[in-house]
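Beneath this line is the structure, given in structure tokens, with notes to follow.
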């Protein structure tokens, strides 16, 4: 890989990061989502870059260029002002199949966004997190 990715694991405090989220509702939602992801993955959270909380990691290999590789969280989220952005939930076929049952969400290129955590089905969210956490090293 020509250059290292900007988003890498840090030693920053995840609780402090979540406590600083805006608006105030994101603080509560961020801590709730952290608890769900800890429970379902069995992993401790790590702050990746300046804004992504990740659980576990795997070696990502680009399908279009196998020389492009990087460590990446198996599953994670960012408590952004406009929405909670969730990563890893739709990357695998099992997750993509389960995603329509989640509830209110929108999709981005590599993420799923929800405006409110209470607007999604928590059981489905937990299932999506389990699917992502179970991914093989090079998926």
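Where a number appears in this text, it was derived from the coordinates with a stated rule and is not lab data. Values in this document were obtained by computation on a predicted structure and should not be read as measured data. Backbone-built Cβ (ideal geometry, glycine too); neighbour counts: all protein chains shown.
Think of it as helices only: each DSSP H run of n ≥ 4 in the chain is worth -39500 (n - 2.57), and spread over all residues that comes to -9000 deg cm²/dmol at 222 nm. Entry note, the range 35-139: relative contact order of 27 percent, from Cα contacts under 8 Å with a spacing of 6+ residues. The simple spin-label model puts a point 7 Å past each Cα toward its Cβ; for residue 20 and residue 65 those points are separated by 3.2 nm. As a rough footprinting exposure proxy, the listed residues 78, 13 were ranked by other beta carbons within 10 Å of their own, and the order from fewest upward is 13, 78. With the simple spin-label model, which puts each label point 7 Å out from Cα in the Cβ direction, the residue 123 to residue 28 separation comes to 2.4 nm.
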